[in-house]
C-alpha cells in the first residue's frame, strides 16, 4: 500500500494448527498474510470456522491453555518478531501497544469490580497519584462518549446498559494508549441503533488518536465506509484482500460475492428465494487440496479442486486488491494494466 | 464453465460441533475398573465356591500372618481373612446397591416431580425433605436395628432413607435447570403432558448429575455400613462384614495387625476406585 | 374472525421493586397464510409477546384468539407452534433427530412405522437427507442443521400459525439465507401463517407481508412491510431503518 510504508503489524505466511486434549487437531489457518499499517483500519471478514478469531488470538498471544498450537510463518509487531515467544514474553513485547475489544462486554468485564477500577487496571503502574488516576479515568470515560462519568466509574457492570458496557470496554482498551485496537465483533451483541453509535465512536477515536484497528466481523456491510481495507477469510485462508471500496463494488472472489448476495437488503429488496451457497464449511481436521471454497462454488472446475489458487492481483482494479481464485488468475492472464489507486475511503 | 458435483447439504458434522468429549481411557481408570470387577466377581464367587470358606475354623492355624496358604492371614479362630473379606464384601455390595436404588428412585423421583411441577408439589416435596433431613440419623438407625434385628435389607433400607434427601436435591436443581430450556418447552407446545415431558425430556437430562452423585453415594453407603458394623449394629457374628472384620481385629492390632489392615485396605481401595471412576465419568459425559 | 387475533395484550413480570409491563396493550392480527414480522430491539417485548401467544408466558390481560377460539394446549393439527432462537438448545440432546421430529405424532399415538415415515419425509423437505440425519443426535448437528430439525418438528404438527422467535439471528450469513428460504417455502406450501420475530429489518422485508414495530411493549407502527419501510410514519421506525448498515 502506498499510503502505509511501515507496517505496524505484519503477519506473513501464518499457518496455525490447534489440537485439544482429546488429540483432535485442525488446521485453522493456512498461509495467511496480513499487514496493518499505522492508523490503518482493516476489516477481517469471515463466517464461523473461518479462523478470524484464531488469527486475532494468535496475534495477541492469547490461546486457551488447553489447546496446543503449532504455528508457522511470522508475526511481527512494530519490528519485533512475536511468533515463537512464550505467551508471557509475547504479551510483554506487545505491552499495552495492542488492546482488545470483545464481542460481549458483559463477559469481558468482571461483574464484582466497579468499572472505574477495571479501566484503570491497565494503567496502574504508570499513574502514581490518586488525583492523576481520577483525571485519567474521567478523561477516558468522557472520550468514549459517556456522560455522568462519576456515577459510571462507581457502577458495577450489571448496572449499565449494553451500549454503556461496550463503551466502558472501549475505555478499558484505550487506557494503555494502544497503537493497535483489535475489535472482535464489537457490535454483534448490541441493538442496531446502538451498533451504529459504537461504530461511529470507534471511527472517531481512531482518527483522533491515529489508531490502527482490526475489526473482526461476519458482516461486510458494517465495514462499508468505515474500514480502509477488507480481508475475507474462508476456512483459514485469505480469499480476497483489497481496499474497501473495490472489494465491495467489484468483489473478485466468488465467495466474497456470495457473502454480499446472500444478505437480503433493506433498501433494495429482492424476491425470495435468496441466493444461497450449498453445502457446509469444509472440515478443518482433514487435509485439503485446491481451493477450500471449490466444493460450494458454482464456478469451480477440476483445477479448483486439485490445485491451490495463487494470490493474484485483481485485473481492472486498484493496486493492493488481490484474490486467491483461478478465475482471477485467468482474467489476469488477459493482461489488463492496473489502474492507479482510486483513493481511500477516508480523507 | 463446468459445474462440479456439489456436496449434499452437510455430509458430515463440522468438527467443532462435536459436543461430547471422547477422552481416551487412562491406565488409572482401567486399574480401578479391573479392581472393582475382580472384587465383585470374588464376592459373588464366595456364594458358590466351597473353597471360599468364611466360617470354617482351624484351631491349628490361629492368628497366622499372610502366607501363600492364607493370603490375608487368619484370625483368632483360625478363619481365613481373605475368604471373610470376600464374603463381607458381598454384604457391602448388596447394601450399597439397595441404598443407591432407593436414593435414585425415591429421591430422584421426588426431586424431578417437585422441580418440574413447581408450586404446591414443590412445597410438599420440600417439606418432606426437610423432615427427612431433621431425622436424628444414627440414633434412629440404632433403634430400628435393635427392634427389627440387623440384616442386609434393614440396613440397606435405613441408609437408603437418608440418601433420599441429597438425591432429591440434586435431581430438583438439575430439573430446574432444564425445565425452562427450550427443548422442554417445545415438547409442551407439541402437546406433551407433564408425565411425558418428565420421562422423555427431563429425566435424560437429569441423569448425568444424579448418576455422578450415585458414585459418591455408593462410597458413603459402604462407609456407613462399615461404621454400623464396627459399632456392632451391622451384621452379627459370625456373618462377616468389612466393618465387623475391622472391629474384630482391634484387640489383636499389636500382635496380628493383618486382621484389621487387610479389610481396611480393601475398603479404602474400593472407595478410591469408585470415586475415581465416578469423577472420570462425570467429566466425560458433561454437556457443554 | 379467522387467523390469529391478539387484542390489547398485557404481559407483566414481577421485578425487584415493582412490576414490568413487558407487553403493554398490544393488538395485532395474522391473517391465515400470511407472514407478519414483529421487529424491535432488546427490551421491546417482542419475545414476551411471542411466548405469550404460544402459551409459554402467562398473560396479564387481553385476549389471544385463533379462529375465534382461545389458543389452547395443542390437540392435533391447526394450533400454534414455535421455532426458538437457540436451535441446539431447543432439541433434546439425548434423542435422535427422527424421534425429535416425530414427537407430535408420538403424542398423538400414531403408529411407529407411520410416524417414522412421515418424519423422514419432513426431514427430506427441510433439506436433511434422512439416511444421513435420522439417527444423529443434536450434538452432531451444526446450528443451521439443528434449526432445520426444529422447523421440521414444528411443521409436522401442522400448525395454523408458526411463531418463529429470532430463528436465524445466531447463524452465519450462508446458513441464514438457506433458513429464510426454507421458512418461506415450507409455510407457503403448508399454508401456515407465520409470526416472524426479529431484530433484522432486511430479513423481515424479504420474508414478511406485514410488519409490526414494537418499542417498550407498545406498537409504534404497523402495516404492509414495503409501505412501512419505504415510507415510515413513526420517528422510531425511521431511526431503526436509518441505523441499518448497507453496502
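Just so it is clear, none of the values below were taken in a lab; they were calculated from the coordinates. The shown structure was predicted, so the numbers you read here are calculated from the model rather than taken from an experiment. Don't worry about glycine lacking a Cβ; one is built from the backbone with ideal geometry, like all the others, and counts go over all protein chains shown.
The table that follows gives values for the structure above.
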item	result
Relative packing of B:88-101, C:12-25, which averages over residues the other C-beta atoms within 10 Å, highest first	B:88-101, C:12-25
Modelled FRET efficiency - R0 30 Å, residue B:269 with residue B:105, Cβ distances, 0.05 increments	0.55
CD proxy at 222 nm, helix term only [per DSSP H run n ≥ 4: -39500 (n - 2.57); per residue of chain B; nearest 500]	-21000 deg cm²/dmol
Size descriptor, Kirkwood hydrodynamic radius, that averages inverse alpha-carbon separations across region A:105-177, Å	11.9 Å
Rounded to 10°, Cα long-axis angle of helix B:81-102 versus longest principal axis of chain B	30 degrees
Test item: B:175-186 mean partner chain Cβ contacts at 10 Å	5
Hypothetical label at residue C:158: residues of region C:191-206 whose amide nitrogen lies under 18 Å (7 Å Cα-Cβ projection)	C:191-194
Kirkwood-type radius of region A:232-306, with distances r between different C-alpha atoms, in Å	13.8 Å
Rg/Rh ratio calculated on Cα atoms of region C:146-215 (Kirkwood radius)	0.93
Mean residue ellipticity (222 nm) of chain A, computed from DSSP H runs ≥ 4 via -39,500 (n - 2.57), nearest 500	-8500 deg cm²/dmol
Segment residue A:121-residue A:193, extension gain: residue separation times 0.36 nm, minus the distance between their alpha carbons	22.9 nm
Helix-only [θ]222 nm of chain C, DSSP H runs n ≥ 4, -39500 (n - 2.57) each, per residue, nearest 500	-10500 deg cm²/dmol
For residues of A:43-51, the mean tally of beta carbons on other chains within 10 Å	3
Chain B, relative contact order [Cα under 8 Å, separation at least 6], %	24 percent
C-alpha center-to-center spacing [region C:1-56, region C:94-114] in angstrom	31 Å
Relative packing of peptides B:57-64, A:304-311 - highest average C-beta neighbours within 10 Å first	A:304-311, B:57-64
Burial order of peptide ranges C:51-63, B:130-142 (average beta-carbon count within 10 Å, highest first)	C:51-63, B:130-142
Length added when fully stretched, residue B:143-residue B:250, from 0.36 nm per residue minus Cα-Cα	36.0 nm
Cα point-scatterer Debye curve for chain C, base-10 log of I(q)/I(0) at q = 0.15, 0.17 Å⁻¹	-1.05, -1.29
Value of D in µm² per second that Stokes-Einstein yields for the protein assembly as shown, Kirkwood Rh from Cα pairs, at 10 °C (1.306 mPa s)	50 µm²/s
Separation of alpha-carbon centers, region A:181-198 and region A:30-97, rounded to whole Å	22 Å
Residue A:209/residue A:92 FRET efficiency (R0 22 Å; Cβ-Cβ; nearest 0.05)	0.45
Inter-probe distance in nm under a simple model that places probes 7 Å from Cα toward Cβ, at residue A:15 and residue A:129	5.7 nm
Which of C:234, B:180 has the fewest Cβ neighbours within 10 Å, and the rest in rising order	B:180, C:234
Region B:2-286: Rg to Rh, with Rh as the Kirkwood radius over Cα pairs	1.12
Peptide C:174-183, shielding by other chains (average Cβ, 10 Å cutoff)	6
Cut-off 19 Å, label 7 Å out along Cα→Cβ of residue B:55, residues of region B:76-100 by amide N	B:76-92
Debye log10 I(q)/I(0) at q = 0.14, 0.19, 0.21 Å⁻¹ for region B:51-208, Cα point scatterers	-0.79, -1.08, -1.18
Segment residue C:216-residue C:61, length gained on full extension (0.36 nm per residue, minus Cα span)	54.1 nm
